[in-house]
Amino acid sequence: MISRAAIQRQAQRALRQSWQQSARGYASPASGSLAYQQGDANGIKYASRDYAGPVTTLALVSKAGTRHQILPGLAEALERYAFRTTERRSTLRIQCESELLGSELLRYHTRENLVVGAKFLRDDLPYFVELLAEVASQTKYQQHVVNEEIIPLIELNTKQRLADTLALAQESVHSLAFHRGLGAPLHPTSTNLYKNYVTADALAEYAGGAYAKPNFAVVANGVDHGELSKWVGEFFTDVPAQPTVEIKTEQSKYYGGEERIAHASGNSFVIAFPGSSSPTGAFYKPEVAVLAALLGGESSIKWTSGFSLLSKAATQTPLLHVSTKSNIYTDAGLLVTSLNGSASDIRATAPKIVETLKAVSQNISEEDFNKAKALAKFKELEFASGTQAAIEYTGAGLTRDGKPYQINEVASSIDGVTADKVKQVAKEALENKASVSAVGDLFALPYAEEIGLKV
Amino acid sequence: MSVPSLAPYIMKRPWLQRWMKPLSQWYFDNAGYRKLGLRADDLIPEESPQVQLALKRLSPKEAYDRVFRMRRAFQCSLAHQLLPRHEWTAAEQDYPYLSPLIKEIEIEIKEREDLEAMQITKPTPKK
């Protein structure tokens, strides 16, 4: 027979647990807004937004992407060196501990930023703030780790990317458009080149710049702001106040041009025009986002090619993948239309894309324009309500301009776009030099001149 | 492959160290490897994964010098000769260049084994 006391105990526990779980869900007031609160702890900038839920995302966003690297390959090497042996624990220990707590370590870099962070349960905040502080200030940069772990990883990544024609074309178009700085390849394209540059000493030097107080910000999603400020103030004490190496940011300049690369494993054709900077930057043009949504190319629903202008232009070649994206960086941007598919399809469709752009520069129908505006606004809001992108943009905004990325302002600026402004952007794109990159079967792929672009 | 050693025990006691030092110097000089231009760490057996890894981690200069010392010693051994006195390894030249790396690798392996053998107990819920 089960004793009454035992049942009572179980029932009490069950009750308590169910109450605790629901309490956890509502533990923090859901602010309902996507806005970030910001703060400063001994010169370290941080921002957070709180929403209900048991998972927290915390990241350190550093101004150390490929654009700022002092030697080629350092940004990627520093990314891969995050969470490795520190003065206090080994790589393996960091991995084991974070696994046992139930978390996911994340690290990636973009053209401008290096993001090192973690997703974890709300209660483990102090542990991960301490871990990030340790990564920033106490990592041991050892040559044998570079030789045995970092360089082989970069090599594998390079090999994987060499087979991807679209990625190659995107890299090529960026280097055409911006030359140095933003034009530096996101991932090293040649295996031999960076081996001379990526050494433990160079990494330590670059880390001294990347993880110095003026060059990074701590951003969190789903934490209490007061709690975050308390732990940041407590753990980020060893971080150098002045960078050991100056991280330069020169104003990006648009150049443009054409590059053709022979490749056997696919065909890609990328056309790019100067675009808009991020909302925190000086050259923000919301109409570029609307133009990107207007041109489009991808369908947002199944079983149809979609209703955007480019997908209408490409109806004859259903297997061709067309997409338009407005890449935004802090002080410049690139509106990129990429075509990926067979060489003959690209040859047939590329001129139609330029014709579509010409038509847009003269006339946009009211209906198309409203659809594009709604889509651009949706995409922007959806993008920023996701944690990853929001964290990166907020961190970048904080380190560069001292203000976080505020979603409400972005949405309202898209509301203010008129059809004339979009026409103007399309017209300027056609009048100025474009950046065109063709990768694949060069016999079949067209030249920019042939499809009616100026390079 | 590190070997058990009494050295830390002796080094901690200055009186014992003073007493042992001439003895150890006499011993090392008579061991003979210094007369072939080798260092004590050159004598560590290579045939284990740990030592192989440690050898890979040597700086290029150290690795080159190690091979040079070994080839020179091998030649001397074939010719049944000792090096001229000025080429003998001096006591201050005979420092451990490899054993710290081996110890580091052994600590890494030990840590991995310990973590893999770890028993995880969930904290019992508090009443």
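The values are calculated or read from the model by the stated rules, or taken from the named source; none is laboratory data. Remember, predicted model here, so these are calculated numbers, not experimental data. Every residue, glycine as well, gets a Cβ built from its backbone with ideal geometry; the counts of neighbours run over all protein chains shown. Accessible surface is based on the protein model in full, side chains and every heavy atom, while ligands, DNA and RNA are left aside. Shrake-Rupley method; radii C 1.70, N 1.55, O 1.52, S 1.80 Å.
Some observations on this one:
- Solvent-accessible area buried by B and A, counting both chains, probe 1.4 angstrom, square angstrom: 900 Å²
- Probe 1.4 Å - accessible area at A:E367, Å² to nearest ten: 130 Å²
- Mean-square fluctuations from a GNM of chain B, with a 10 angstrom spring cutoff on Cα atoms, peak among B:Q52, B:Q75, B:Q17 at B:Q17.
- Our note on the geometry: Cα centres of the range A:356-412 and the range B:51-125, 58 Å apart.
- In degrees, nearest ten, helix B:14-31 long axis to first principal axis of chain B (Cα): 50 degrees
- With a Förster radius of 60 Å applied to the beta-carbon distance between A:K427 and A:E148, the computed FRET efficiency rounds to 0.65.
- Residues in the range A:88-117 that, when all protein chains are in place, have 50 Å² or more less accessible area than the chain alone would give (probe 1.4 Å): A:L92, A:L100
- For chain B, the alpha carbon convex hull comes to 163 Å³ per residue, rounded to a whole number.
- Taken over the range B:56-127, the convex hull of the Cα atoms encloses 161 Å³ per residue.
- Student exercise, the range A:89-179 dipole from Lys, Arg, Asp, Glu Cβ charges, in Debye to nearest 20: 140 debye
- Based on C-alpha pairs under 8 angstrom that are at least 6 apart in sequence, chain A has a relative contact order of 20 percent.
- Accessible area (Å², per residue) of chain B, counting only protein heavy atoms and a probe of 1.4 Å: 79 Å²
- In this label model, B:A79 and B:Y64 are separated by 2.3 nm, measuring between points 7 Å along each Cα→Cβ vector.
- Descending principal axes extents, the range A:326-455, alpha-carbon based, whole Å: 49, 34, 24
- The 3J(HN,Hα) values that the Karplus relation (6.51, -1.76, 1.60; θ = phi - 60°) gives for the range A:232-247 are, in residue order, 4, x, 7, 9, 7, 9, 8, 5, x, 7, 10, x, 6, 10, 6, 9 Hz. Gly and Pro appear as x.
- Long-range HN-HN contacts of A:S323 with modeled amide H, under 5 Å: A:S338
- Pairs of alpha carbons in the range A:93-204 separated by more than 15 Å make up 74% of all such pairs.
- GNM on chain B, alpha-carbon springs under 10 angstrom: the most fluctuating residue among B:E108, B:E87, B:E116 is B:E116.
- Three-way shape call for chain A based on the alpha-carbon gyration tensor, with the a/c threshold at 1.5: prolate
- In sequence order, the range A:356-365 has phi-based couplings of 4, 4, 4, 4, 5, 5, 9, 8, 10, 6 Hz under the Karplus curve 6.51 cos²θ - 1.76 cosθ + 1.60, θ = phi - 60°, and Gly or Pro positions carry x.
- Heavy atoms of A:H225 accessible to a 1.4 Å probe, total area in Å² rounded to 10: 40 Å²
- Shape call, the range A:219-345: gyration tensor on alpha carbons, a/c limit 1.5: prolate
- A 1.4 Å probe run over the range A:160-238, with the rest of the protein chains in place, finds 39 Å² accessible per residue.
- Rounded to whole Hz, the Karplus (6.51, -1.76, 1.60) HN-Hα couplings of the range A:145-158, x for glycine and proline: 5, 4, 5, 8, 10, 6, 5, x, 5, 5, 4, 4, 4, 4
- Accessible-area rank, largest first, for A:L193, A:L291: A:L193, A:L291, with all protein chains present and a 1.4 angstrom probe.
- Highest mean packing first, where packing is the average number of other Cβ atoms within 10 Å per residue, the peptides A:247-253, A:341-347 line up as A:341-347, A:247-253.
- Taken over the C-alpha atoms, the range A:41-120 has Rg and Dmax values of 14.3, 42 angstrom.
- Taking a ≥ b ≥ c as the square roots of the Cα gyration tensor eigenvalues, the range B:12-80 comes out oblate, since a/c reaches at least 1.5 and a/b does not exceed b/c.
- Average partner coverage of A:141-150, which counts Cβ from other chains inside 10 Å: 2
- Over all other residues within a Cβ to Cβ distance under 14 Å of B:A117, the charged ones net out to -2, with Lys and Arg as +1 and Asp and Glu as -1.
- Positive-pole candidate from A:N196, A:L105, A:L125, dipole of the range A:68-203, charges at beta carbon: A:N196
- A simple spin-label model places pseudo-atoms 7 Å from Cα toward Cβ; at A:K358 and B:L6 they are separated by 9.5 nm.
- Accessible area, probe 1.4 Å, largest first, for residues A:L319, A:L182: A:L319, A:L182
- Between A:L156 and A:E449, residue separation times 0.36 nm minus the direct Cα-Cα distance comes to 101.8 nm.
- When the range A:272-392 is described by a simple charge dipole with +1 on each Lys and Arg Cβ and -1 on each Asp and Glu Cβ, the residue from A:L381, A:V322, A:L334 located farthest towards its positive end is A:V322.
- Whole-percent P(r), the range A:116-267, all Cα pairs, 10 Å bins from 0: 9, 26, 30, 25, 9, 1.
- A:E450 accessible area, assembled protein chains, probe 1.4 Å, Å²: 110 Å²
- Distance between the pseudo-spin-label points of A:F378 and A:N408 (7 Å out from Cα toward the beta carbon): 2.4 nm.
- FRET efficiency for the A:A52 to A:K302 pair, using the beta carbon distance and R₀ = 41 Å, is estimated at 0.80.
- Per-pair calculated FRET efficiency, R0 = 30 Å: B:R18 and B:Q93 via Cβ, rounded to 0.05: 0.85
- With all protein chains in place and a 1.4 Å probe, the accessible surface of the protein assembly as shown carries 55 percent carbon and sulfur.
- Taking all protein chains together, A:W303, B:W26, B:W88 sort by accessible area into A:W303, B:W26, B:W88, largest first [probe 1.4 Å].
- Student exercise, the protein assembly as shown dipole from Lys, Arg, Asp, Glu Cβ charges, in Debye to nearest 20: 1180 debye
- Adding -39500 (n - 2.57) for every DSSP H run of four residues or longer, then dividing by how many residues chain A holds, sets the calculated 222 nm ellipticity at -13500 deg cm²/dmol.
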